[in-house]
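Following: one structure in structure tokens, then a few remarks.
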Amino acid sequence: MAEAIKIDELDIEFKDEVLGKVPAANFDLCLTCGTCTGGCAASELMDMDPRKLIRMLNLGMDDVILKSNWKWVCSMCQRCVAACPMKINIPALVFNLRAAIPREKRPKGILGSCDQHIRTGSAMGAKKEDFEFTVLDVAEEIRESHPGFEDLEVSVDREGAVMVLNQNSREPVTEPEEMGPLWKILHSVGADWTYPSVMWAGENYCMFMADNEGWKYIIEEFAYHIDNNLKSPMVVNTE
């Protein structure tokens, strides 16, 4: 028979640590109603769900939640926050759980994607020269073989465009033809847009693995390029 939890043997150090960074996280307001769990795509995976996670946090079960790999299957979509009547910020908890793990021990897949993005500008490791070549090549193919799009314009680093559009880096690397449909829509409505060549990939795995410095670097480089080189007033984030 399972033993009851002995409250006096637990502490809430990790909860206090997270609340110190996110004071409005509202962990103590949990009603254990389960609304967060009902809409969570990661519920029941690895024997965990958002309600259980918050309950364990409030009970001071720090060792258990820090060891759980559930934090890596949560997408931090914030559906739980939108549904919660008390607006408890579960994604903030998940983010800090990830950040508590030594960087080198975080999942290799997202770690590698983060490092490649910092190094090359895309999570897939495609350099900006290769990205530009692929984009212009696919655009030329569309102009030549798709009736009605003979004057399709696709550019990289066109200064003064109204919109700067980022791009999931998987498409130009593995499925370049999948970029065309969006271009056709933008062309059909007369949108004035361009791609950037600096940090052009829309995904940000540094954010997903809670690497604040990497996340900050990618965004700052992206924003600097848009503000100072392209001088465009609008960014459209496809991710």
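The values are calculated or read from the model by the stated rules, or taken from the named source; none is laboratory data. Fair warning: this is a prediction, and the values are worked out from it, not measured in the lab. No Cβ is skipped: glycine too gets one built from the backbone with ideal geometry, and neighbour counts run over all protein chains shown.
One residue stands out in segment 195-205 among those that are surrounded by fewer than 22 Cβ atoms within 10 Å (Cβ to Cβ) and over 14 Å from the mean Cα position of the chain (by Cα): the one that is farthest from residue 18 (Cα to Cα), namely 197. Is it the case, given these coordinates, that residue 145 is free of Cβ contacts under 8 Å to residues at least 12 places away in the same chain, surrounded by fewer than 16 Cβ atoms within 10 Å (Cβ to Cβ) and hydroxyl-bearing (Ser, Thr, Tyr)? Yes; evaluated as a whole, the condition is true for this residue. Of all residues assigned to segment 183-193, none qualifies as being modelled with pLDDT of 95 or more, within 30 Å of residue 95 (Cβ to Cβ) and of a type in the set (A, V, I, L, M). In summary, helices (runs of 4 or more DSSP H) completely within segment 82-159 and bearing 2 or more residues that are of a type outside the set (Ser, Thr, Tyr), touching a strand residue (DSSP E or B) at 6+ places or on another chain (Cβ under 7 Å) and modelled with pLDDT of 95 or more occur at 128-145. Can you tell me which residue is nearest to residue 22 (Cα to Cα) among those in segment 94-135 that are polar (S, T, N, Q) and not assigned by TED's automatic domain parsing to the domain that holds residue 43? Once the filter is applied, the top-ranked residue is 113.
Residues checked against (1) in a helix (DSSP H, G or I); (2) within 21 Å of the chain's Cα centre (by Cα); (3) under 21 Å from residue 132 (Cβ atoms); (4) not aliphatic (A, V, I, L, M):
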position	(1), (2), (3), (4)
171	yes, yes, yes, yes
191	no, no, yes, no
207	yes, yes, no, no
213	yes, yes, no, yes
227	yes, no, yes, yes
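Residue under question is residue 91, and the condition is that it be closer than 28 Å to residue 216 by Cα, in contact with a Ser or Thr (Cβ under 6 Å, 6 or more places away or on another chain), assigned by TED's automatic domain parsing to the domain that holds residue 12 and free of Cβ contacts under 8 Å to residues at least 60 places away in the same chain; does it hold? The answer is no for residue 91.
Among the residues of segment 24-58, which ones are outside any helix (DSSP H, G or I) and touching a residue at least 24 places away in the same chain (Cβ under 8 Å)?
Scanning segment 24-58 gives 26, 30, 31, 33, 39, 40, 41, 42.
For beta carbons closer than 6 Å, sequence separation of 6+ or different chains, a first residue in segment 185-196 that is closer than 13 Å to residue 165 by Cα and a second that is part of a helix (DSSP H, G or I) and not small (Gly, Ala, Ser), the qualifying pairs are 193/186; 196/225.
Within segment 59-80, the set of residues being within 21 Å of residue 34 (Cβ to Cβ) and assigned to a helix (DSSP H, G or I) comprises 64, 65, 70, 71, 79, 80.
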